[in-house]
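Trainee: Here's a structure for you.
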Amino acid sequence: MPLRKVLTRSQAWQRRLTVPQFTVVTGLLVILLGTLLLATPLCSGAQVGLWEALFTATSAITVTGLSIIDVGTDLTGFGQGVLAVMILAGGLGLMAITTFLQGFVVKGTGLRRRLDRGKALDEFGVGGVGRTFRGIALTAAVLILIGATLLYGFGFSDIPDRGERLWAALFHSISAYNNAGFGLWSDSLERYRSNGLVNLVIMLLIVMGGLGWRVTSDMAGQLLSRRRRRLSLHTRLVLRTSILLVLIGAIGLMLTEWLNSGQNFLTLPWSERWLAALFQSVTARTAGFNTVPISVETITESGTLLVMTLMFIGASPGGTGGGIKTTVVAALMAATRSTLRGRDAVVIRNREISEKVVLRAVGITVSSLLFVLVMTLLVSFASNFNGRDDFTFLAMLFTCISAFATVGLDMGVTSELSHFGQGVLLVGMFVGRLGIWLLLSAVWDAMSQEQNHLHRQNRIGYPHEDLYV
């Protein structure tokens, strides 16, 4: 077949792809490219094979942080740089990048196409994708450079070599803002547990990255505007929910570990206890760093359950984190409150929320729960099949939630699993970063294209009947 005909068919196939399908395909291609790069001797040592490279590349692109290699020793300096670039690509928004690239595939974009692109960027309007992406990249660059400067000048001052200190500051700043959780040291940030500046810089970068572009843009517009205006409902809801979750997580960890004699906190001075609890509350929201050891022996079961809840909720829409998102939880809580009060409509801050938003929140939560349960079931099968009975169910569930919510916290399970178990986590990271809703949309679009019956279903009306719940 002539090359021109192959290229023509490839372009025709690309034009038929919807945004969710294009995002999935592009994500897989980027992971494949990253795998091939990391597997080369230029990036890694002999102990990093194709499988280790694939797992690491997937974890980097999905900004998860789960790893089966030691980044600081198994990767060369160039390999660490490649890893940082992949973290940036995934953290700045795989959906935003693929939507930006789609402009080169589909010419003559009209209003319908621009609206379709907006869904991938979590945008309500029809503004230019290129302008939005430039704003995202500029904001990320400024915050990452500020964080790296502070870490270099004051945080990592114990590193004598200036080049090593500069790279450590830049790498951890990139990893923190993108909620990746990758570190250059095997103990993550435990050595800086008592360093208030390092903790503060990393926490602020995590929070700013997890808030999402819409929130940071709205806040910046509020600060730079000469006229005083009110923040949008979305911004106010995200900020309030995020603050509540951080406080609940920090206070909850202090109580659970104190009441249940958790080893992590009882050996620390009171100031370090509060700092460690606050840091773990922030980082559990999809970042994956830790300043205290995380294992079955060092954290209580009640504390583990609290961390899993924070991980499952995750960050906010349009941010660099994963999870089901803070706005989904807020919508579900508002729907529950309206139901208890006997209201027919869901109201948040004197604003009525559409039924479509509530139904989508329910769909995201239920499908995410089912997906995590299936992951845990498969991982337990894999561990039992290989004769590993030292993994507790709580540790396996913790690891699966960490993978799906793109957190990266690990209880020592990931590196001990078989390739099948690690493959389950690999798929979970990819699905979790893209979003379960986006993946289901891609699958549904493919099915509807094959069956060609979606347009007919929209014309069908059904009689109403109630269920007892």
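Trainee: For VAL357 and SER302, what is the calculated FRET efficiency with R₀ set at 22 Å and r taken between the beta-carbons, to the nearest 0.05? Spell out each step's value before the answer.
Mentor: Working: r = 33 Å, r/R0 = 1.49.
Here the calculated transfer efficiency is 0.10.
Trainee: Between SER295 and HIS464, what FRET efficiency comes out of the Förster formula 1/(1 + (r/R0)^6) with R0 = 60 Å and r the beta carbon distance, rounded to 0.05? Don't jump to the answer; show the numbers that get you there.
Mentor: Numbers: r = 52 Å, r/R0 = 0.87.
Efficiency, rounded to the nearest 0.05: 0.70.
Trainee: For THR392 and ILE251, calculate 0.36 nm times their separation in residues minus their Cα-Cα distance, and state this gained length in nm to one decimal.
Mentor: In short, 48.2 nm is gained.
Trainee: Hey, rough spin-label estimate for SER194 and ARG236, points 7 angstrom out along Cα→Cβ, what's it come to in nanometres?
Mentor: 4.4
Trainee: While we're looking at this one, here's another question. Test of understanding: what is the full-extension gain from VAL366 to THR73, defined as 0.36 nm times their sequence separation minus their Cα-Cα distance?
Mentor: Here the segment from VAL366 to THR73 would lengthen by 101.4 nm.
Trainee: If you don't mind, there's one more thing I want to ask. For ILE146, ILE299, what's the largest-to-smallest order of accessible area, 1.4 Å probe?
Mentor: ILE146, ILE299
Trainee: Taking a 1.4 Å probe, which of TYR462, TYR177, TYR152 shows the most accessible area, and what order do the others take after it? Don't skip to the answer; put the middle values down first.
Mentor: Working: TYR462 165, TYR177 20, TYR152 65 Å².
From most exposed to least exposed: TYR462, TYR152, TYR177.
Trainee: At a probe radius of 1.4 Å, what is the per-residue accessible area of LEU305, in Å² to the nearest 10?
Mentor: 100
Trainee: Ordering TRP270, TRP185, TRP167 by accessible area with a probe of 1.4 Å, largest first, what comes out? Intermediate values should be presented prior to the final figure.
Mentor: Numbers: TRP270 140, TRP185 40, TRP167 75 Å².
Ranking TRP270, TRP185, TRP167 by accessible area, largest first, yields TRP270, TRP167, TRP185.
Trainee: Between VAL142 and GLN47, what length in nm is gained on full extension when 0.36 nm per residue of separation is reduced by their alpha carbon distance?
Mentor: Working it through step by step, the gained length comes to 30.6 nm.
Trainee: Probe 1.4 Å, all protein chains in place: accessible area of ARG433 in Å², nearest 10?
Mentor: 20
Trainee: Ok, one more. Counting other Cβ atoms within 10 Å, keep those with at most 12, restrict to DSSP loop, and tell me which trypsin sites (Lys or Arg not before Pro) in the range 193-281 are left.
Mentor: Passing both the DSSP loop test and the Cβ count: ARG226, ARG227, ARG228, ARG229, ARG230.
Trainee: I've got another one for you. Distance in nm between label sites at PHE381 and ASP161, each 7 Å beyond Cα in the beta-carbon direction?
Mentor: With each label placed 7 Å out from Cα toward Cβ, I get 4.7 nm.
Trainee: Just how much of MET333 is accessible, in Å², when a 1.4 Å probe is used and the result is rounded to the nearest 10?
Mentor: Surface open to solvent at MET333 totals about 110 Å².
The values are calculated or read from the model by the stated rules, or taken from the named source; none is laboratory data. None of these values were measured; they are calculated from a predicted model. Neighbour counts are summed over all protein chains in view; Cβ atoms, including those assigned to glycine, are modelled from backbone coordinates with ideal geometry. The accessibility values were calculated without ligands, DNA or RNA, using every heavy atom of the protein model including side chains. Shrake-Rupley method; radii C 1.70, N 1.55, O 1.52, S 1.80 Å.
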